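The values are calculated or read from the model by the stated rules, or taken from the named source; none is laboratory data. Note that the coordinates shown come from a computational prediction; the quantities given were computed from them, not determined experimentally. Cβ: placed from backbone, ideal geometry, glycine included. Neighbour counts: every protein chain shown. The accessibility values were calculated without ligands, DNA or RNA, using every heavy atom of the protein model including side chains. Shrake-Rupley method; radii C 1.70, N 1.55, O 1.52, S 1.80 Å.
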Amino acid sequence: MAGAFGNKIAKILQKNPKKVIGLMSGTSADGIDACLVEISGTGIHTRVNILTFETYLYDDTTRTAILETCNPTTGAVDTVCRLNFYLGKLFADAAKSIAKKASIPLTDVDLIGSHGQTIYHMPDEKTREKDGDSRQKTEARSNEAASNQRNTAGFGKEFCGIPFISSTLQIGEPSVIAQETGITTVADFRPRDVAAGGQGAPLVPFADFILFRDKGNGRVLQNIGGIANATFLPANCSIHEIIAFDTGPGNMVIDRLAELVSSHRHRFDEGGKFAAQGAVNERLLAGLLAHPYLSKPPPKSTGREEFGRPFADNLYQDAVLSGIKGMDILATVTAFTARTIADSYKQWIATKHCISEVIVSGGGVQNTTLIKFLAHYLPPSMKIHSINDFGIAPNAKEALAFAILANETVSGNPNNVPCVTGAREAVILGKIIL
């Protein structure tokens, strides 16, 4: 078996360029981003040529299942089990579809890199304890949550007698992807970094360094997905000088508030049109900016555990009780995302470095109101660009990043960034399914 494994990997490594599909489903759980790319070389010698990109949206049933599974008060172990294999099939279908779109036979694709779908992310004990507080608040306000007490009992430093240990869980079974496509698949990238003492996130900065480092300009790569994350590349930097972290919520809270404000007629605030009709409530914004995650120094990462549906629902209920109108609430949470991004630069980057450019990617690029708020909160000297200006579709970057990470994995190269994640050492991320 070792010989068969080695022969198959060797065959992949002999290809230059390789055709690689990157697959990504983010915290917004909107769908699967698929990017088919040609990759030559490895490390700083990597060169990429994007052949095509597409987002394959989840239907309402699938998205609801993902969101409910991510919530400890509604998720259950049998659902995680089924959803893991079901999403694996959807990821495989996305890989097949993107190859078809490019008119490339699956047999010509050398590798798939799949991030999967994060279900739960607990990189450190403080996150877990704060999340426990959030759950208690949610349970006190919801009879449904109280009826699901079995899912939350014992939450704390121990669960069922098992001591707390840093952990993370992504599903979308890679064995199904490999079986359905016949393509060697690399997946489950985060756990190795967590095992090495890191946050398991963010992982995209490795690809940001390869694609966007610049000799003359200090650049922030700002992704605004469900969660917003920033990668700062100082001018002429080495990989050890990268600063990267999750800045806080991206579209996640905005999307949920758009659902609530529109009585569930809309999944998200298209173009920021609803927020544009409201006014920022400065008192509500100040309360949101007091969230403890925002003052926590990097390395740090976050997700639905802190800014998911319970957070948004509680925020909405409290704001309505305070007499704040729906559009004003939506305008305020849109400003909240922009302020957390701008404030994070001021607090953790600009004190030591010059930021010349901010290159924005992710679904947030389409929210005109959000980008206007961001421009308002940032100094005029920081030029804001869409990643479109660099030939990459806004939703393609993270899928592209996992294609690049998969290429490093099969090449035997460490592909985390310890100064970013807090890992004790550089390690090779991902599990290889032949």
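Per residue, what accessible area does the chain have, given a 1.4 Å probe and all protein chains present, in Å²?
42 Å²
Only Cα pairs within less than 10 Å get springs; with that Gaussian network setup on the chain, which residue of 63, 256, 283 has the largest fluctuation?
Of 63, 256, 283, the Gaussian network model singles out 283 as fluctuating most.
Just to be sure I understand: with springs between alpha-carbon atoms less than 10 Å apart, which residue in 44, 341, 243 has the highest mean-square fluctuation in the Gaussian network model of the chain?
44
Past the 19 Å Cα-Cα mark, which pairs from 96/431; 19/100; 346/383?
Distance filter (> 19 Å) returns 96/431.
So which aspartates and glutamates can residue 372 reach, going by Cα to Cα under 12 Å and dropping same-chain residues fewer than 8 places off?
Filter leaves no residues.
Tell me, what % of the accessible area of the chain is carbon and sulfur with a 1.4 angstrom probe?
Here carbon and sulfur together make up 53 percent of the probe-accessible area.
Note the listed values [x] 99, 69, 44; [y] 66, 52, 41; [z] 97, 54, 36, then indicate which one is Cα extents along the principal axes in Å calculated from this particular structure.
So the structure-derived entry is [y].
Can you order the peptides 107-119, 199-211, 78-90, 365-377 by their average number of other Cβ atoms within 10 Å per residue, highest first?
199-211, 107-119, 365-377, 78-90
Among 228-234, 267-273, what's the highest-first ranking by average C-beta atoms within 10 angstrom per residue?
228-234, 267-273
Just tell me which aspartates and glutamates come within less than 18 Å, Cα to Cα, of residue 15; anything on the same chain fewer than 8 places away is out.
By straight Cα distance, residue 15 reaches 38, 108, 110, 408.
Quick check: the distance between the Cα centres of region 34-52 and region 245-276, to the nearest angstrom?
Here the two parts' Cα centres lie 33 Å apart.
Determine the gain in length on full extension of the stretch residue 80-residue 351; use 0.36 nm per residue of separation and subtract their C-alpha separation, reporting nm with one decimal.
Taking 0.36 nm per residue and subtracting the Cα distance, the gain is 93.2 nm.
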